[in-house]
Amino acid sequence: MKKWLAVSLLALWACQQTALAQQPYALVVHGGAGADPAQMEPEEIEGIKARITEVLSRGLDQLKSGQSALRVVENAVRDLEDDPWFNAGRGAALNSDGEAELDAAIMDGSNLHCAGVADVRRVKNPITLARWVMEKTPHVLLVGPGADRFGQESGLEIVNPEYFITERARRALRKKQGTVGCVALDRQGHLAAATSTGGLTNKRPGRVGDSPVIGAGTFADDRSCAVSGTGVGEEFIRHQVAGQISQRIRLTGVSLPESVRQTFADGLPDDVGGVIALNRKGEWVMHFNTVGMSRGVADSTGQFKVAIGKED
Ligand code: ASP
């Protein structure tokens, strides 16, 4: 009897291992829409591509070792927040008072748990703050001094507001869109999405964009897909872009690429931005209607791609 039990358990374990080995895993990253490689310094192009490559490699290793999609999207976005090349965390776009007000959101596709934070000024990594709001409070959106206070009380790293401000952001005269985002599929078959931004350069103090608004710039649902957006936040909120992409799949049964295509075709203005999206089969989309979007994808089939412009 004991022997029979041991054999059954072994068979069960072997089945699980085979299923795990077959489950595809993948992550897609964006570093913001709007960047025109033709207008960028070579060192900027190299810096952005190198960073996205690093983030993809690290994320792929984490997924391979069995880490959850949720953990992987948080880590990827944290790395990009710490990097001054991107409009998130350090290096974020500044408001009209020359200050950094940061927005971020995270969502777990396995259970629809999610949270956004907005107008954060002191917590070093807004994406981690969003994760803590999701896990440790009953709320889905925390803003302003209350969000910073929650981060401080929770023991997250707090910095002086000057930390976020770089000379480059101060000098940025053109509209700067360099939000960061990541979507991932793990070996357990779960999806997650994360987005972080300083918003639009010269925005009115107090303005909140789409990134921290669940269903606008960030969404994940194992039943459809995970999405992170970048672009003119007001339009993404109006059109509920990330949620709309998911709902079209669930309610009409269209494929992921078709859902993204239809969502953009259905009233979104030209030159508005882009999205990255991923489903449980490991199918992904990196779509934008701006001149460029920093982006990259890596998956368990060996695919690895990093690009900025349309021609890449
Ligand atoms: N979507 C962001 C916002 O409107 C900006 C961006 O993606 O660059 O806040």
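The values are calculated or read from the model by the stated rules, or taken from the named source; none is laboratory data. Only a predicted model underlies this, so the values are computations on that prediction, with no experimental measurement involved. When we count neighbours, we look across all protein chains shown, and the Cβ atoms used for this are built from the backbone with ideal geometry, even at glycine.
Okay, residues lined up against (1) in contact with a Cys (Cβ under 6 Å, 6 or more places away or on another chain); (2) among the aromatic types (F, W, Y); (3) on the phi < 0 side of the Ramachandran plot:
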{"site": "S228", "(1), (2), (3)": "no, no, yes"}
{"site": "Q244", "(1), (2), (3)": "no, no, yes"}
{"site": "N279", "(1), (2), (3)": "yes, no, yes"}
{"site": "F288", "(1), (2), (3)": "no, yes, yes"}
{"site": "V306", "(1), (2), (3)": "no, no, yes"}
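Only one entry of L200, L191 meets the criterion of being hydrophobic (A, V, I, L, M, F, W, C) and within 17 Å of F86 (Cα to Cα), and that entry is L200.
Which one is farthest from G206 (Cα to Cα), of the residues in the range 133-149 that are in a loop (DSSP other than H, G, I, E, B) and touching a strand residue (DSSP E or B) at 6+ places or on another chain (Cβ under 8 Å)? Explain how you work it out, then say what you get.
Restricting attention to the range 133-149, the residues satisfying the condition of being in a loop (DSSP other than H, G, I, E, B) are 137-140.
Next, from what is left, pick out any that are touching a strand residue (DSSP E or B) at 6+ places or on another chain (Cβ under 8 Å): 137, 139-140.
On the way: T137: 23, H139: 20, V140: 18 Å.
Filtering first and then ranking leaves T137.
Look at G66 and say whether it is modelled with pLDDT of 95 or more, closer than 28 Å to K136 by Cα and in contact with a Leu (Cβ under 7 Å, 6 or more places away or on another chain). Answer is no for this residue.
When the residues of the range 35-65 are filtered to those that are assigned to a loop (DSSP other than H, G, I, E, B) and among the acidic types (D, E), which remaining residue is surrounded by the most Cβ atoms within 10 Å (Cβ to Cβ)? Among those residues, the one meeting the criterion is D36. Let me confirm something: among A88, A93, which residue is within 13 Å of the ligand (Cβ to nearest atom), outside any strand (DSSP E or B), under 13 Å from the mean Cα position of the chain (by Cα) and crowded, with 22+ Cβ neighbours inside 10 Å? Only one candidate qualifies: A88. Only one of the numbered conditions (1) over 14 Å from D103 (Cβ atoms); (2) charged (D, E, K, R); (3) assigned to a loop (DSSP other than H, G, I, E, B) is not met by D210, and that is (1). Of the conditions (1) touching a Phe, Trp or Tyr at 6+ places or on another chain (Cβ under 7 Å); (2) among the acidic types (D, E); (3) over 22 Å from N125 (Cβ atoms), D221 clears all except one; give me its number. Every condition holds for D221 apart from (1).
Residues that are within 16 Å of the ligand (Cβ to nearest atom), hydroxyl-bearing (S, T, Y), surrounded by 23 or more Cβ atoms within 10 Å (Cβ to Cβ) and not in a strand (DSSP E or B) are absent from the range 238-252. The set of residues from the range 129-158 being surrounded by fewer than 24 Cβ atoms within 10 Å (Cβ to Cβ) and β-branched (V, I, T) comprises T137, V140, V143, I158. Condition first: of a type in the set (S, T, Y) and within 16 Å of the chain's Cα centre (by Cα). Now tell me which residues in the range 286-312 satisfy that. Within the range 286-312, just S294 meets the criteria.
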